[in-house]
Every structure is written in C-alpha cells, then in structure tokens.
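Below is one structure, written out as structure tokens, with a few remarks after it.
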Amino acid sequence: MTGSATLVVENLQTHFHTRAGVLKAVDGVSFAVDKGRILGLVGESGSGKSVTGFSLLGLVDPPGRIAGGRILFKGEDLATASEERLRALRGDRIAMIFQDPMMTLNPVLRIDTQMIEALQAHRKMDHRTAFARARDALGQVGIPSPEERLRSYPHQFSGGMRQRVAIAIALLNEPDLIIADEPTTALDVTIQGQILFEAQKLCREVGTALIWITHDLSVVAGLADDICVMYAGRVVESGPVDEVLETPLHPYTRGLIGSVPSRNRRGRPLAQIPGMAPSPLNLPRGCSFRTRCPRADAACLEPPPMVELVPGRFARCVHPHLETVAA
Amino acid sequence: MTVFLIRRLMQSVVVLFVMSLIVFVGVYAIGNPIDILISPEADQMERERAIRALGLDLPLWEQYAVFLQRAVLGDLGRSFAFSTPALQLIVERMPATLELAIAAMGISIAIGIPLGMWAGFRPESVAGRAIMAGSILGFSLPTFWVGLMLIMVFAVHLGWLPSTGRGETVEVFGIRLSILTRDGIAHMILPAFNLALFKMALVIRLTRAGMRENLLMDYVKFARAKGLSTGRVIFVHVMKNIMIPVVTILGLELGSVIAFAVVTETIFAWPGMGKLIIDSINQLDRPVIVAYLLVTVSMFIIINLVVDILYSVLDPRVRLKEMKS
C-alpha cells in the first residue's frame, strides 16, 4: 500500500454512541485505492461497509462519528477536515452513488435542476454551459435523447435509468474518486451488467479511482482489481481480486465464496456459514468470526493482527488456508 | 385539464343542491320563524298576511321548489329579518371576514413554517423543544379565552391596540378594506392573531413532521453528497417536498377559517359573516342561513380546486396523471 495513492485509509474507526453502548460499526479499517483502479469492498449486511463509505465523505449521521484513524485523500486528512472543506470536496473531487435509485433523486425537482446545481455548487458556471455539461454527462452514461430527458422528472425514468442519472451526476465534476454503495443491488441482472460495464469503462478511460461496495461476490469478481472483505467492522482479508477469490486465505472469505449458490452442485444442500453475524454491541472476544469458524481454537481468543501471508495479500487470521496457496 | 375542470364543476353543482336541501329541511325542523318575527300582540289577520308574504303558507316541498327556481336565477331570497336580499347581506359582510381570514392565514404561515422548520431541523435543541411546547398551547387553549386575554393585555392593560371594530377603512373597487390604513391594521392585529393561533400550531406541527421525515430520506443524503450547502438542501430540496402536505391542509383550513371565524368575530365585534350567521340562526332567518351555507360551500369548492391546481404545480407526479384524465 503506497502513500501516493489517491485514497489511503488507515485504521479508520467510526463509532455510534447509542443508549445501549458504543457501537463500533467500523473498527480499524485500512485500505488504499489508486487512480484507474477499482476496489471492491465486500461484506454481509451490517459488516460496516456502507458506514465506511459514508465516513470517507463525512456523511455519517449522528449519533455516529469518526472516532479515529486517517483518511488521506491525495495527502489531505479528511477525518479531521472542516465541514466546509468536506462540502467543497463532496461531489467535486469525491462523488458517491447510492444503493436505491428510486430514492436518491428528489422526486419534485427536474433532472436538469438536480444536475446543474451539482455543477454550480462547486464553480461559477452560467446556466447554459451547465446545461450543456449535464446533457453531455447523460449521453455519456447511455441515456438516449439526453436534452429531452433533462427536462423530465425522476418518476418518468425506470430504476436503471435513474441509476444512470445518479452516475451521470457523480461524473459531472470529473471526480478523482467515486464511492459506489451497492449501486446495482436494486436493479435486475441485465441492467446491472450494463452499469458495471460502463463503470469499468469510465474508470479506465478517465482514470478515476473507484470503490465499489457490495455484498455480491460475482459483481466484484468481474469488476474490481482489488478486494477487501469486511466482517463485523474489520477488514479480514484483502488482496488482488482473482487471487483472493481463487484461493481465499481467511475462513470467512472461504465461507462467503462457498455460499454463492452457483458454486454448489445441483441437488446437494446449499453450503452456508453456520450461525449469524454477531451483534456489533456484543462481539466475541478475540477474532470476531471465532464462533462461526470451523478452524477456531484457543489461539483465536487473542485478536489476530492483519498479516501479509503471501506477497500483496493480507488476512486477519491465526489459522489461514495457506495450504491452497502452497499447492 | 379541461375535462377535469368540467367534472369538478358538475360535482360541485350536485353538492350545492344536496346542501341546500338538507339545510332547508333542517331549518324547517328547528322551528317556525313566524313565532320569532311577529310580535305576540299581532292579530290573526296580520299574522296570516305575514305568513303569506314570506311564502311560509306553502307546504315545504313547494317552498323548496320556489327557492330552487329563484336560486337558479341567482336570487337566494330575502332575509325575513332585514327584508333585503340575503345574498347582498352576506356579500356586504364578506370582505371583512375574508380580510381577517387571509391575514390570519398569512400570520400562521409566516410564523408557523420557519418555526416548524427549525423545530424539525434541530428537534433536540432548546428552541426546538420550546416551539413544540408552544404549539401544544396553540392547539389546546380555547379561542375565546385567548381572545379575551389578548384584549385584557394589549387593549386594556398596555393600551397598545384597539379591541373592537374594523377601524378606518378604505374603499377599493367598492370593497371596504381595513388593511390599507394604519388604524385598520391596528384593529386587525388582535383578531387576526387570535384566529391564527390554532392554524399556526397546526402549521408548525405539519412542517416539523415533514422536515423530520424528509431529512432522513436518501435524496437528502445524495444532495449533500453532491456538495450542496445545507441552505440549498433545506430550502430547495426539503422545503419543496414539505410544501405538498402543508399546502393541502392549509387550503382546507382556509375554508374553515372563513366559515368558522364566528367566535373571534363575536369577541372582537368584527362585523363579518360569522356575526351575521349567529344572528340569523337566532332569528331562524332561513334565507340568510341557506344563502350563507351555499356561499360557504362554494368557497370550499373553489379553495379545494385551487389547492388541487397548486398541488399539481408542486408535485410533478400529480401533474401528469391529471393531464391524462
């Protein structure tokens, strides 16, 4: 992990102070992503992957707040940046795409209003130039007759089209980093394929760094360069996507891959990880995956450190599946 | 849109017809206006002449038929008590009530929306809690009591504002208005505020609820992720969404403010329609009662129509559906 990357996250901690106690939604997450690269951030619901995404932009709602760590965006620490500085970066240098395209666009404002304001929030630009820029961005994401569509309202678009609009908005200011929080989860498979293709193309062409948050391993497999697997607020394994998916080191990653139905033989009972993800308020001592792990023993009662087991590949495990790599 | 308007118009005619029938029968059932209108000393001859003059000798259905025939031509009958056309009586009093109602609405919007937005934006703050506590008072204190207290404090003790009447009026296009003179405004402040108090509490609660609900929506977070300032997010994105329920409710409430300004008008001796209807009910002055209710219902119908049109301006999703119908 180099210090010169577009975004370097070091030991990020985001805590929610609730009545029931301090909820460590993100507890010491580190990763880096460079321009033109795609990082897949994978995990189950509640693993802290979305909160990580929002933390990067300073968009965590109270009672949540960043409790520690550094978010180095082109050398500048965002964890301690002022709200005004964050506002200036948001949508300009760092853009975000959300999960549900039906909810992210304001239903009562026209598409052109919502696009032009994103431009004018960051630089002085007359209405005509901004309109032309918005039109081009819509064309770029494959929306037919963009000039007409700009004058429409969100409800006149399908889900897939709305997500394209959201992506077009994210692209408007040609950001250095895009954070995509499960942007294809709410879409059907063919639309998902198109969106993934365009995301990848744009990333390569423009050289944008992209963080793709998802629970879907098949999406990451086809899209990302690198992968971070999160479990209970921590990164448990990271590395190049092909290697990690081919020979997972962490038992959790292995279980996750095994749970994909298409990898199971027809007629056999589907493989699954036993038990449930633990409540973040009441994590097991030591390795938080311990209670569900087939390999767990007394050594797992100590919290395992993140170790580089194979060059370029890290895992947080005392008993990693090294045998597959060696073979 | 035209189809929509025509259909609404036809519905309105039916509503007016049913309304007039109910009121006609209702007032007939309450009692005989002759007993109130004619002095007990009048002899039988005089009594019968009066009954015939007022058309009360006919059976009810015939009275109604006569009324209906004239009503279609725009004549709602003559007041039993004043012997002037009932409609004219109401129209004369209407500007006073309209003026008061609109001023009250204006006050409740101008004060209610900003307070409600603040209370929704910072619900945990001292100001936010104070606003909500205040709105509970606005809801629960009876109008007549607040009116009396306002008079006590501002008119009697402090002597800042007059407590009765309309004050100096100016005639604009034949309509007398108080709002254009200093004296008139001074007279209007207390009754308008009194009438506004309840609506203000309503607006505060509606706005606050809308604010809290909308702030949690994804589109707010997305707008913030675009780097928009808080001001733009609140006053453009959220406000436009909040306005939809607020406009709907306020529209309906405007009708009720006009129709039921009775208490306030009585306390502040404001010469409006509310005062007239109370007097008419006491005298069983049926033409005035029927005419008043028809006017009020028409007003409700018009306001509802305006609200529907406004609604479609605010909410594009409604607009398209209407175009199709």
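Bear in mind these aren't lab numbers, they're just calculated from the coordinates by the rules spelled out. Keep in mind that what you see is a predicted model, and the values were worked out from it rather than measured. Backbone-built Cβ (ideal geometry, glycine too); neighbour counts: all protein chains shown.
Summarising the amide proton neighbourhood of A:MET230: residues at separation of 5 or more, or on other chains, whose placed amide H is nearer than 5 Å comprise A:VAL42, A:GLY43, A:VAL236. Stretching the chain fully between B:ALA209 and B:ARG7 yields a gain of 69.3 nm (0.36 nm per residue, less the alpha carbon separation).
Anything over 31 Å Cα to Cα? Flag those among B:LYS199/B:LYS226; A:LYS35/B:LYS221; A:LYS124/A:LYS201; A:LYS35/B:LYS240; A:LYS74/B:LYS240, in the order listed.
Values: B:LYS199/B:LYS226 36 Å; A:LYS35/B:LYS221 25 Å; A:LYS124/A:LYS201 29 Å; A:LYS35/B:LYS240 38 Å; A:LYS74/B:LYS240 37 Å.
Beyond 31 Å between Cα atoms: B:LYS199/B:LYS226; A:LYS35/B:LYS240; A:LYS74/B:LYS240.
The C-alpha atoms of chain B define a longest principal axis, and helix B:273-282 lies at about 40 degrees to it. Between B:SER312, B:VAL290, B:LEU228, the Cα set farthest toward the positive side of the dipole of region B:191-325 (charges on each charged residue's Cβ, about the Cα centre) is that of B:LEU228.
DSSP bridge analysis restricted to the protein assembly as shown gives an antiparallel fraction near 65%, rounded to the nearest 5. Each residue, A:ALA299 and A:GLU76, gets one label point 7 Å from its Cα in the Cβ direction; the gap between the two is 4.5 nm.
Determine, for each peptide in A:314-320, A:76-82, B:263-269, the mean count of other beta carbons within 10 angstrom over its residues, then list the peptides with the highest first.
For the peptides A:314-320, A:76-82, B:263-269, the packing ranking is A:314-320, B:263-269, A:76-82.
Under the rule of -39500 (n - 2.57) per DSSP H run of 4 or more residues, summed and divided by the residues of the protein assembly as shown, what mean residue ellipticity at 222 nm is obtained, to the nearest 500 deg cm²/dmol? Mean residue ellipticity, 222 nm, calculated: -16500 deg cm²/dmol.
In terms of the mean number of neighbouring beta-carbon atoms within 10 Å, the peptides A:183-196, A:97-110, B:211-224 order highest first as A:97-110, B:211-224, A:183-196. The equivalent ellipsoid of region A:6-61 has semi-axes of 23, 12, 10 Å, largest first, where each one is the square root of 5 times an eigenvalue of the Cα gyration tensor.
Couplings 3J(HN,Hα) of region A:223-239, computed from phi: 9, 7, 8, 10, 9, 10, 9, 10, 9, 6, x, 10, 7, 9, 8, 8, x Hz, in residue order, whole Hz [Karplus 6.51 cos²θ - 1.76 cosθ + 1.60, θ = phi - 60°; x for Gly and Pro]. Spin-label model, B:VAL306/B:LEU16: points 7 Å from Cα along the beta carbon direction are separated by 1.8 nm. Principal-axis analysis of the Cα atoms of chain A puts helix A:159-171 at an angle of about 80° to the longest axis. Averaging Cα coordinates gives a centre for region A:47-65 and one for region A:282-327; these two points are 26 Å apart.
What share of all Cα pairs of region B:40-162, in percent, falls into each consecutive 5 Å distance bin? P(r) for region B:40-162, in whole percents per bin: 2, 8, 8, 11, 11, 10, 8, 8, 8, 9, 7, 4, 3, 1, 1, 0. As a calculated quantity, the FRET efficiency between A:GLU246 and A:SER45 at R0 = 22 Å, using C-beta atoms, amounts to about 0.30.
Each principal axis of the Cα cloud of region B:139-211 was evaluated for its coordinate range; sorted largest first, these ranges are 42, 34, 17 Å.
Roughly how large, in nm² to one decimal, is the mean projection of the convex hull of the alpha-carbon atoms in chain A?
Approximately 18.3 nm², given one-decimal rounding.
Within 10 Å of each Cβ in peptide A:82-93, how many partner chain Cβ atoms are there on average? Round it to a whole number, please.
Values: counts 0, 1, 1, 0, 2, 6, 1, 1, 5, 7, 2, 1.
Per residue, the average neighbour count from other chains is 2.
Taking every residue in A:95-106, how many Cβ atoms of other protein chains lie within 10 Å of its Cβ, on average?
On the way: counts 3, 5, 2, 5, 1, 1, 2, 1, 5, 8, 4, 13.
That works out to 4 on average.
The alpha carbon convex hull volume per residue for region A:234-327 rounds to 114 Å³.
Can you work out the FRET efficiency for the pair B:LYS240 and B:LEU60, with r the C-beta to C-beta distance and R0 = 60 Å, to the nearest 0.05?
Numbers: r = 52 Å, r/R0 = 0.87.
For B:LYS240 and B:LEU60, the calculated efficiency is 0.70.
Around the Cα centre of region A:139-231, unit charges on the Cβ atoms of Lys, Arg, Asp and Glu (plus for the first two, minus for the last two) sum to a dipole of about 300 debye. Gain on full extension, evaluated as 0.36 nm per residue between A:THR185 and A:ARG123 minus their Cα-Cα distance, stands at 19.0 nm.
Charged side chains reduced to their Cβ positions (Lys and Arg at +1, Asp and Glu at -1) give the protein assembly as shown a dipole of some 1040 debye around its Cα centre.
Counting partner chain Cβ atoms within 10 Å of every residue's Cβ in B:212-225, what's the average?
Counting Cβ atoms of other protein chains within 10 Å of each residue's Cβ and averaging gives 6.
Placing unit charges on the Cβ atoms only, positive for Lys and Arg and negative for Asp and Glu, gives chain B a dipole magnitude near 1880 debye about its Cα centre. Per-residue extension of 0.36 nm, minus the Cα-Cα distance of A:ARG19 and A:VAL260, leaves a gain of 83.1 nm for this segment. Remark: region A:22-39, residue by residue, has Karplus-estimated 3J(HN,Hα) of 7, 9, 8, 5, 10, 10, x, 9, 10, 6, 9, 9, 10, 5, x, 9, 10, 9 Hz, where x stands for each Gly or Pro and the curve is 6.51 cos²θ - 1.76 cosθ + 1.60 at θ = phi - 60°. For chain B, take the longest principal axis of its alpha carbons; what is the angle in degrees between that and the long axis of helix B:44-53, to the nearest 10 within 0 to 90? Value to nearest ten degrees: 50. Each of A:ALA271 and B:ARG70 was given a label point 7 Å from its Cα along the Cα-to-Cβ line. The distance between the two points is 9.3 nm. Comparing Cα centroids, region A:179-196 and region B:244-258 end up 43 angstrom apart. 3J(HN,Hα) along region A:107-116, derived from phi through the Karplus expression 6.51 cos²θ - 1.76 cosθ + 1.60 where θ = phi - 60°, amounts to x, 9, 10, 5, 4, 4, 4, 6, 7, 5 Hz, with x in place of Gly and Pro.
Go through B:16-28, B:280-292 and give me the packing order, highest mean Cβ count within 10 Å leading.
Values: B:16-28: 15.4, B:280-292: 22.5.
Peptide ranking by packing, descending: B:280-292, B:16-28.
Between B:ARG47 and B:LEU158, the FRET efficiency from the beta-carbon distance, with R0 = 51 Å, is close to 0.40.
Farthest toward the positive end of the dipole of the protein assembly as shown, out of A:GLY48, A:VAL307, B:GLY134, is the Cα of A:VAL307, where the dipole comes from beta carbon charges about the Cα centre.
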